[in-house]
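Values in this text are rule-based calculations from the coordinates and carry no lab data. Predicted model only: the values in this text are computed from it and were never measured. We place every Cβ from the backbone using ideal geometry, glycine too, and count neighbours over all the protein chains shown.
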Amino acid sequence: MCGIVGILGRAPVAEQIVDSLKRLEYRGYDSAGVATLENGELTRRRAEGKLKNLEAKLAKSPLAGHVGIGHTRWATHGKPTEANAHPHAADGVAVVHNGIIENFRELRIELEKQGAVFASETDTETVAHLVNSFIKKGAKPVDAVKQALPRLKGAFALAFVFKDHDDLMVGARKGSPLAVGFGDGEMYLGSDAIALAPFTDDICYLEDGDWVVMNHKGCEIFDEAGKPAKREVLKSGASAFMVDKANYRHFMAKEIHEQPEVVGHTLARYVDMASERISLPTELPFDFNDVQRISIAACGTASLAGFVAKYWFERFARLPVEVDVASEFRYREAPVRKGDLAIFISQSGETADTLAALRYAKAEGMHTLAVVNVPTSTIARESETVMPTLAGPEIGVASTKAFTCQLMTLAALAVAAGKARGVLSDADEAKLVHGLVEIPRLMTEALTHEHEIEKLARDIAKSKDVLYLGRGTSYPLALEGALKLKEISYIHAEGYAAGELKHGPIALIDETMPVVVIAPYDKVFDKTVSNMQEVAARGGRIILMTDAKGAEEATVDSMVTIVMPDMSAAFTPLVYAVPVQLLAYHTAVVMGTDVDQPRNLAKSVTVE
Ligand code: F6R
């Protein structure tokens, strides 16, 4: 989603702003722009498409201002054209915005009646004109923003600069994240700490409703009611993040390969390896024995991690679990029980629907627990309990290492629940923990199949449709495989429970249709083999991901087998995620798509 950067600097800032915007590229965008103040005048450069187009414009006509704002736009209102790119301006006000102004139509009509002339189709331009309307009535810039903010409905992070005010920047946040950075005689605004990492480690996150008035020396923060507010300055540690691809061609490849390491870090956070016990770093504010049902809400890949965890909670702790995509949970007014547990899973911790679902559960008196990768995120801050995943920054839009770290965290929690409820004995716990401890090594082994998978991908890339099948915990992984393939290769793919095949999707099978079957040798393996026979009988081509025993037992025609290491049946999705991700990745590479920033997708989805 849109990225925001603002710099009150001591030297020309346009280049720094673009560098910082590059660090926000991972969020997804389709146009970009910068505005700086030069001798009190606001000047903008904007371009459709990638940042290199903006850089080319800046090279032709540079901006020399020491104060500036920049933006990467992920189109919501209006096409990704230069005219719709931010910053938007009205006379002496320029603004960048992340979010959606829901009442922009009413505001636009009102402002047009007052004589405002709009140059774009965006909701954001309304904000510039609204603030300008107060300035025209005599308000100083800060007061104009103060008067405008309560008129805005929706979600926003905003950064303003004003003509003739080269020691002023105003920021505001409601719904969408915004961080203030403190430098040496310089101040910064950014959508996240990664954007500000080249400049400073000292970061403060605005709370919902906050707005900030900044000059070169510091800032004053106000809450929604306009009262001065104190917000803690934290060390972000983001400057330590190496936001580069190392020797990989894409961030996604790097992130797939990082999994043994980061899943290992996450494991070490939740497991005492010496005693083979789960050891949660925080005491839970509820007793699993008082919980009658768990509700899990999340979006996309994170919701599929929740779907895998459903099997674990139900099996290890005999606790019923409902999994919802957050956009449904938040509106369907689900009857929930006070004191029950609601789990929210999110890489970014900023996903608008997941956040809204969290607020709903909180208002209903549920205990809330967040599994998040960004510990300073809104979802983390608003949840009663936080279990961080230690994946590190995930830059590729398609989630890979965040998914497996979510799985590791949820597996540990499910075993803890089983133990607390007396379903698992000490010996059961030790056995399961032993299984978890082996995961990083098994993932490394799974990665050795890359070459084989790369070859297979050349074949998959010729297909128009692909089916993914699985049973048990391999079913949500089949859904994840299909999601991963379609989002980065643009090949249509569907995931099904293998048993559902003959209830409809079998009609699609012919000799052009690859069917990826995820089937470790387990108690339902034979059933899945029967489903594979049904596919083979109709000429379908099967790619079977299984283990040595599975490969030996499955005698089906026209089959390619990828043999995964032998492992504890409980946690196979953690290891089988690797070939699933690699297949999607290499297919996308063959297709020549923009793997790290696939079309139309955003990394941090801060709008509904
Ligand atoms: C798919 C993918 C998305 C995200 C979803 C939730 O590869 O990355 O489906 O999983 O947008 O995002 P977070 O986890 O940030 O809440």
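Label sites at Lys137 and Phe118, each approximated as a point 7 angstrom past Cα along Cα to Cβ, lie 2.0 nm apart. Write down the Kirkwood hydrodynamic radius of the chain, to one decimal in angstroms, obtained as one divided by the mean of 1/r over all alpha carbon pairs. Mean inverse Cα-Cα distance, inverted, gives 25.4 Å. Taking the Cα of Ser530, stepping 7 Å toward and past its beta carbon, and measuring to each backbone N in region 484-506: which are under 19 Å? It comes to 496-506, nothing else. Basic side chains Lys and Arg get +1 at the Cβ, acidic Asp and Glu get -1 at the Cβ, and with that the dipole of region 1-104 about its Cα centre reaches some 280 debye.
In terms of its C-alpha gyration tensor, region 345-489 has an oblate overall shape, because the principal axis ratio a/c (a ≥ b ≥ c, square roots of the eigenvalues) is not below 1.5 and a/b does not outweigh b/c. Classify region 252-320 as rounded, prolate or oblate, taking a ≥ b ≥ c as the square roots of the eigenvalues of its Cα gyration tensor: rounded when a/c is under 1.5, otherwise prolate if a/b is larger than b/c and oblate if not. Oblate, since a/c reaches 1.5 and b/c is not below a/b.
Annotation: extensible slack from Asn53 through Arg249 equals 68.4 nm (criterion: 0.36 nm per residue apart, minus Cα-Cα distance).
Each listed q (0.10, 0.21 Å⁻¹) maps to a log10 I(q)/I(0) for region 440-563 from the Debye sum over equal C-alpha point scatterers, namely -0.27, -1.33. The phi-based Karplus calculation (6.51 cos²θ - 1.76 cosθ + 1.60; θ = phi - 60°) puts the 3J(HN,Hα) values of region 543-549 at 10, 9, 9, 8, 10, 4, 5 Hz, whole numbers, x for Gly and Pro. Projected onto the charge dipole of region 261-313 (+1 at Lys/Arg Cβ, -1 at Asp/Glu Cβ, origin at the Cα centre), which of Val291, His265, Phe307 gives the Cα projection farthest towards the positive end? Projecting each Cα onto the dipole axis, the largest value belongs to Phe307. Percent of C-alpha pairs per 10 Å bin in region 127-212, short distances first: 18, 46, 31, 6. What translational diffusion coefficient, in µm²/s and rounded to a whole number, does the Stokes-Einstein relation yield for region 49-145 at 37 °C and a viscosity of 0.692 mPa s, taking the hydrodynamic radius as the Kirkwood radius over Cα pairs? Once the numbers are plugged in, D ends up at 227 µm²/s. Let me check against my output: what whole-number percent is the relative contact order of region 63-103, with C-alpha pairs under 8 Å and at least 6 apart? This gives 35 percent for region 63-103. Full extension of the chain between Asp223 and Arg381 gives 55.2 nm of extra length, using 0.36 nm per residue less the Cα-Cα distance. Relative to the dominant Cα principal axis of the chain, helix 104-113 is inclined by about 20°. In this simple spin-label approximation, Ser279 and Glu110 carry label points 7 Å from Cα along the Cα→Cβ vector, and these lie 5.8 nm apart. Over the chain, dividing the summed -39,500 (n - 2.57) contributions of all DSSP H runs of at least 4 residues by the number of residues returns a 222 nm mean residue ellipticity of -11000 deg cm²/dmol. Summarising the label geometry, the points placed 7 Å from Cα in the beta-carbon direction at Val423 and Asp167 lie 6.4 nm from one another. Dipole orientation for the chain: of the candidates Met387, Leu130, His503, Leu130 has the Cα lying most toward the positive pole (charges on Cβ; Lys, Arg +1; Asp, Glu -1).
Label region 485-541 by shape, choosing from rounded, prolate and oblate, from the square roots a ≥ b ≥ c of the eigenvalues of the Cα gyration tensor; if a/c is under 1.5 it is rounded, and otherwise prolate applies when a/b is larger than b/c, oblate when it is not. In terms of gyration-tensor shape, oblate. Extent along the principal axes, Cα only, for region 229-368: 50, 44, 35 Å, with the longest axis given first.
Distant-in-sequence amide contacts of Val371, defined by a placed amide H-H separation under 5 Å and a gap of 5 or more residues or a different chain, comprise Phe344, Ile345, Ser346, Met387.
Fully extending the segment from Lys230 to Asn215 would add 3.7 nm, taking 0.36 nm per residue of separation and subtracting the current Cα-Cα distance. Between the amide H of Arg541 and those of Met513, Val515, distances stay under 5 Å, these residues lying 5 or more places away or on another chain, with hydrogens modeled in the peptide plane. Think of each Lys and Arg Cβ as +1 and each Asp and Glu Cβ as -1; about the Cα centre, that makes the dipole of region 49-139 roughly 300 debye. Principal-axis analysis of the Cα atoms of the chain puts helix 450-460 at an angle of about 80° to the longest axis.
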